[in-house]
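The structure appears right after this line, and notes come after that.
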Amino acid sequence: MKYAKTFLAGALLVALGTAQAAVNPEQARQLGKNLTRIGAEAAGNADGTIPAYTGGLTKPPASFKPGSTIRPDPFAGEKPRLTITSRNMAQYEAQLTVGARALLKKYPNYRIDVYPTHRTVALPDRVLDATAANATRASTSNGGLGISGAIGGYPFPIPKDGHEAMWNHLLRYVGVASNFRYDNWNVDASGRPALATSGKLFVEYPYYDPKNTQPAAETDVYFRTKIFYNAPARRAGEALMAVDVVNPLARPRRAWLYLPGQRRVKLAPDISYDTPNPGTAGSATYDDSWIFNGAMDRFDFKLVGKKEMLVPYNTYRLTTHKKAAEVTTPHFLNPDLVRWELHRVWVVEATLKTGKRHIYARRTFYLDEDSWTALSADQYDASGQLYRASFAHMAPSYDAKTPNAETQVFYDLTSGVYNVSFLMGPYDGVTYTDPLPANQWSPDSLAGAGIR
């Protein structure tokens, strides 16, 4: 497997396994030139299948209604430029994740429709300006597990190691505050779908709040989320909240759960790492959410390099689809609704540390160069066999200059079960808001809203 050379390859220092505090000013000056302002390669690829970056998609299609949270597909009229099946996959194997290849081999009817590539991610100027400042002031701490010196932008636009690349994903820009209604569906090995959970999710990134003008301290909250469940009946009225800080060694994730049968809020320390996520019927772990979330202390992360890969991208047809029954086809998501494109991704290998416990012994992450969003992962068990494959479906909110890859799918290749999470099509898409009042992030707020 050959990895493409990237600009500033000497600055990566991957092979040396070293970490400098920040890049030097000369390296940082490449941002906005041959690199985009968050560190992607500005140029297209040699054969033109990946275009140059020109700022992303900022003009909504004519069918978009201003103020709406329903974002129509701006490429609805396009046709696939090629289709990959088990019969011709060898020709494109180098551009397929291990998980995608496994699905093609396992299911003869599975296919990957490849469309023209569009680099649609656009970001606010304040995020881009902060990213440029972070390039020369941000650093990791505690062996890469925490960060310092960063505020309001991607911390490491020119990453030198795997931890820095994964911090870019953890601190990816998805707005300051947002919420959406969603359904999670499980499809069993026989092809029968069942509603796993339905609810409303709130997400905030105080790290990106414009009111915060100082670099984040190690106990500052960078991410918090809460969910109110309304279905199925056995989970209606439940509520969950989780909070992550900049240095998880200084203060591990805090999480709380409200159970209506008990009428009380309780601490939930197991809502992290490899605890099975009940919202996926156990087909994914809590740290599989958003492909990866939470602390990195159980794995060693190695930045392998950058590669051209086929990933789900501009998947508006899927994320706006109204009928869940047409999405959750037997064995895999309906291929008619999934758009794949060729994009450059950063490849990060995570290997379980000696003495640490996790159901995955190894994970490979694929991070979109234009947004630092993890778009796919391959997960391996203790015997070295591919266990699970996960994909996030990028569909940027072009009206808000905000990447959006909330809709995810997790395939358990051992059991034949899969889960699709955060399916928003039956509802109204993502709403971007101001942050909630501080009292709405207290544990007691869960009891007040989680009523059955």
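Step by step: first the residues of the range 418-439, then only those that are in contact (Cβ under 8 Å) with a residue 12 or more places away in the chain, open to solvent by 40 Å² or more (accessible area, probe 1.4 Å) and farther than 30 Å from Gly55 by Cα, then the one that is nearest to the chain's Cα centre (by Cα). Which residue is that? Top of the filtered list is Pro426. Of all the criteria given as (1) over 24 Å from the mean Cα position of the chain (by Cα); (2) on the phi > 0 side of the Ramachandran plot, the one not satisfied by Gly55 is (1).
Conditions (1) more than 24 Å from Tyr387 (Cβ to Cβ); (2) of a type in the set (Asp, Glu); (3) not in a loop (DSSP other than H, G, I, E, B), marked per residue:
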| residue | (1), (2), (3) |
| --- | --- |
| Gln262 | yes, no, no |
| Val265 | yes, no, yes |
| Ile271 | no, no, no |
| Asp274 | no, yes, no |
| Asn293 | no, no, no |
| Lys307 | no, no, yes |
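Summed over the range 207-235, residues that are of a type outside the set (Lys, Arg) and under 18 Å from the mean Cα position of the chain (by Cα) total 6. As a summary of the residue check, Ala382 satisfies the conditions (1) part of a strand (DSSP E or B); (2) open to solvent by 20 Å² or more (accessible area, probe 1.4 Å); (3) of a type in the set (A, V, I, L, M, F, W, C) except for the one numbered (1). Give me the residue from the range 89-108 that is touching a residue at least 60 places away in the same chain (Cβ under 8 Å) and surrounded by fewer than 18 Cβ atoms within 10 Å (Cβ to Cβ) and, out of that set, nearest to the chain's Cα centre (by Cα). Residue satisfying both the conditions and the ranking: Val98.
Determine whether the range 343-360 contains at least one residue that is hydroxyl-bearing (Ser, Thr, Tyr), over 24 Å from Asp297 (Cβ atoms) and surrounded by 18 or more Cβ atoms within 10 Å (Cβ to Cβ). The answer is no; no qualifying residue exists. The criterion of being of a type outside the set (Asp, Glu) and not in a helix (DSSP H, G or I) does not hold for Asn168. Only one of the listed residues (Gly149, Gly153) is within 22 Å of Gly39 (Cβ to Cβ) and open to solvent by 10 Å² or more (accessible area, probe 1.4 Å). That residue is Gly149.
When the residues of the range 185-211 are filtered to those that are part of a strand (DSSP E or B) and open to solvent by 10 Å² or more (accessible area, probe 1.4 Å), which remaining residue is farthest from Gly279 (Cα to Cα)? Across the range 185-211, the extreme among qualifying residues is Phe202.
Screening Arg71 against (1) among the basic types (Lys, Arg); (2) modelled with pLDDT under 90; (3) surrounded by 13 or more Cβ atoms within 10 Å (Cβ to Cβ) leaves a single unmet condition, (2).
The values are calculated or read from the model by the stated rules, or taken from the named source; none is laboratory data. Everything numeric in this text was worked out from a predicted model, so none of it was measured. Please note: Cβ atoms are built from the backbone with ideal geometry, for glycine as well, and neighbour counts cover all protein chains shown. Heavy atoms of the whole protein, side chains included, go into the accessibility calculation; ligands, DNA and RNA do not. Shrake-Rupley method; radii C 1.70, N 1.55, O 1.52, S 1.80 Å.
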